[in-house]
Amino acid sequence: MIAFRTLLYKEMLRFWKVSFQTVAAPVLTSVLYLMIFGHVLEGRVQPYPGVSYTAFLIPGLVMMSVLQNAFANSSSSLIQSKITGNIVFVLLPPISYREFFSAYVLAAVVRGIVVGLGVWLAAAFFVLTPLAHLFWVLCFATLGGAIMGALGVVAGIWAEKFDQLAAFQNFLIMPLTMLSGVFYSIHSLPPFWQSLSRLNPFFFMIDGFRYGFFGVSDINPWVSFAVVGIALILVTGFSLEMLRRGYKLRY
Amino acid sequence: MSDIPAIRVSGAVKCFGALRALDGVDLDIRQGEFFGLLGPNGAGKTTLISALAGLSRLTEGHIAVMGHDVVRDYRQARSVLGVVPQELVFDPFFSVRELLRIQAGYFGIRGNDDWIDELLANLDLTNKAETNMRQLSGGMKRRVLVAQALVHKPDVIVLDEPTAGVDVELRQTLWRFIRKLNENGHTIVLTTHYLEEAEELCHRIAMLKAGQIVALDTTQNILARVGGQTLKLHIGSAALPAVLVAKALSFDAGVAQFNFADPLQVEETLRVMREAGVRVEEMEILKPDLEQAFIQMMRQEAA
């Protein structure tokens, strides 16, 4: 248990020591999105009755930050350790693969939530969003962060070079987040794209998260919870199996 | 001290594709030994250490540390093992003390600052304790690597070429400390390219070549095996007389080495040189050392 706690502490200390880059920078990016899209689209689009576009956008941006930063934390930590070789410091001690996985994923969730909270606080200067169900907000932020943290573990272990990791991020994670309804309600889409969106697990994370704020969503939050939960179980299982076999870590 | 070997390697085979990096290694290292693992580059030393440390998995065979199988009982095996890796790796995010505390935590240990201070003092790192790893010189980073491997007071300590590219001062500091640990009952396994180091420190030596053990004996016996002394003749650019070519232990860059048991053989060799008109610029007579043993054994194996 001490080993797990130490690894978790080290992973959190690692991003906290460079928090200008790992926390402040993504908060600023999201605030820029909010200012620009909010300015252009406010008053032209009303996704739900009584909800302004800027208010609608905020939970989407918060969740997008949670997801992207959770992924970035575990994946970049692992690939840096692999490339510089200091991964041996965690491979030599008696740390089980389950402890290893839990520590990296939990640190990723913490980073995601810290950045998400930063975005939400910064956005509160512009629009104060309602908070209908705090439980769902925390639930989807944690589950979504965990899925992305676990995917980050998979990507960080699989990638041997930074450009492979960047490819994973740019060609898989980015499109899936951008097309998940961060910036729009899928009800505004043509039927084909609507049904396609329902195949994207990121859509359920964001939709469920948004329900926590407004009490309205495209999908019943329990359905989203089930989809996100199953996705987490699948990614966790895959990632744990990789670690158990020592794939690309223990030759 | 119990009879359980500190390290037991049985039938170790490790294949990388068609290459057999370890080709059936059997080896017992007793508790409290100072053991040397020698061999040319690519002989399989690091492969063996990686398998021992759980960084790689054997294709066949087993390894146990203090009786704990490194795969099945990996937790027990790793808690009694400290490894100083060959590569100079470090974590740039932390200071020396942070790093050592974290490393202790990975082994389930908290609040061992007394031991950390002792490590820092013994490795001359006390005034660098709060310095970030990035700001340390190569030699200092190497010391931290040693401290990291010892932070959980392991029974068995493996040093994979710890003195490669390290200055004399650090080498002496390091060996003084490692010797002290050995005297306190820790088992030490050392791989090194500096043969004089192994000769001075190790009780017993295994020589590896192409993934197999070609010699395993006490340092004394290995030296005795070389027998006799070595005659070293510097002959500049002259050619070695044909009669002597077969007798020479080696001939490289104008230096010919011969092994002899009877001092009269020196006179005989010099006579051949004189008759061939070869001018001997310098002559040395050396007592047997590991380097000779090493060259001889590697060559016997090739023959």
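Looking across the stretch A:107-122 at every residue that is more than 23 Å from residue A:240 (Cβ to Cβ) and not hydrophobic (A, V, I, L, M, F, W, C), the one that is nearest to the other protein chains (Cβ to nearest Cβ) is identified as A:118.
Checked against (1) within 17 Å of residue B:38 (Cα to Cα); (2) out of contact with any Ser or Thr (no Cβ under 7 Å at 6 or more places or on another chain), residue B:281 passes all but condition (1).
Taken over the stretch A:11-54, the criterion of being touching a residue at least 24 places away in the same chain (Cβ under 8 Å) and basic (Lys, Arg) is satisfied by A:14 alone. From the list A:182, A:228, exactly one residue is within 21 Å of residue A:45 (Cα to Cα) and surrounded by 14 or more Cβ atoms within 10 Å (Cβ to Cβ). Which is it? The conditions single out A:182. The residues on offer are B:104, B:149, B:121, and the sole one that is more than 10 Å from every other protein chain (Cβ to nearest Cβ), part of a helix (DSSP H, G or I) and either in contact (Cβ under 8 Å) with a residue 60 or more places away in the chain or out of contact with any Pro (no Cβ under 8 Å at 6 or more places or on another chain) (or both) is B:121. When the helices (runs of 4 or more DSSP H) confined to the stretch A:125-212 are screened for residues that are hydroxyl-bearing (Ser, Thr, Tyr), those reaching at least 1 such residues are found at A:134-158, A:174-178, A:191-197. Every residue in the stretch B:6-29 that is part of a loop (DSSP other than H, G, I, E, B) and either touching a Phe, Trp or Tyr at 6+ places or on another chain (Cβ under 9 Å) or at pLDDT 95 or above (or both), please. Answer for the stretch B:6-29, where residues must be part of a loop (DSSP other than H, G, I, E, B) and either touching a Phe, Trp or Tyr at 6+ places or on another chain (Cβ under 9 Å) or at pLDDT 95 or above (or both): just B:6. Of all residues in the stretch B:99-118, those that are surrounded by 20 or more Cβ atoms within 10 Å (Cβ to Cβ) and either aromatic (Phe, Trp, Tyr) or not assigned by TED's automatic domain parsing to the domain that holds residue B:136 (or both) total 2.
For the stretch B:254-263, the set of residues classified as among the aliphatic types (A, V, I, L, M) and either buried (at least 16 other Cβ atoms within 10 Å of the Cβ) or modelled with pLDDT of 85 or more (or both) consists of B:255, B:256, listed by residue number. Where helices (runs of 4 or more DSSP H) sit wholly within the stretch B:195-303, those with at least 1 residues that are touching a residue at least 60 places away in the same chain (Cβ under 8 Å) occupy B:195-201, B:219-226, B:290-302.
Scanning the stretch B:60-79 for residues that are more than 11 Å from every other protein chain (Cβ to nearest Cβ) and either more than 20 Å from residue B:107 (Cβ to Cβ) or not in a loop (DSSP other than H, G, I, E, B) (or both) returns B:60, B:61, B:62, B:63, B:64, B:65, B:69. Does residue A:92 satisfy the criteria of being within 14 Å of chain B (Cβ to nearest Cβ) and either farther than 24 Å from residue A:241 by Cα or in contact with a strand residue (DSSP E or B) (Cβ under 9 Å, 6 or more places away or on another chain) (or both)? Considered against the rule, which asks whether it is within 14 Å of chain B (Cβ to nearest Cβ) and either farther than 24 Å from residue A:241 by Cα or in contact with a strand residue (DSSP E or B) (Cβ under 9 Å, 6 or more places away or on another chain) (or both), residue A:92 comes out as yes. Restricting attention to the stretch B:80-98 and to residues that are surrounded by fewer than 20 Cβ atoms within 10 Å (Cβ to Cβ) and not in a loop (DSSP other than H, G, I, E, B), the residue that is farthest from the other protein chains (Cβ to nearest Cβ) turns out to be B:97. Only one entry in A:104, A:97 is within 14 Å of chain B (Cβ to nearest Cβ), within 24 Å of the chain's Cα centre (by Cα) and buried (at least 24 other Cβ atoms within 10 Å of the Cβ), namely A:104. Evaluate the following for residue B:35: is it within 18 Å of residue B:188 (Cβ to Cβ) and in the same structural domain as residue B:176 (by TED's automatic domain parsing)? Criteria met by residue B:35. Of the numbered conditions (1) farther than 30 Å from residue B:70 by Cβ; (2) surrounded by 20 or more Cβ atoms within 10 Å (Cβ to Cβ); (3) more than 14 Å from every other protein chain (Cβ to nearest Cβ), residue A:39 fails exactly one; give the number of that condition. Status for residue A:39: all satisfied but (2).
The values are calculated or read from the model by the stated rules, or taken from the named source; none is laboratory data. The shown structure was predicted, so the numbers you read here are calculated from the model rather than taken from an experiment. In this analysis, Cβ positions are derived from the backbone assuming ideal geometry, glycine residues included, and neighbour counts consider all displayed protein chains.
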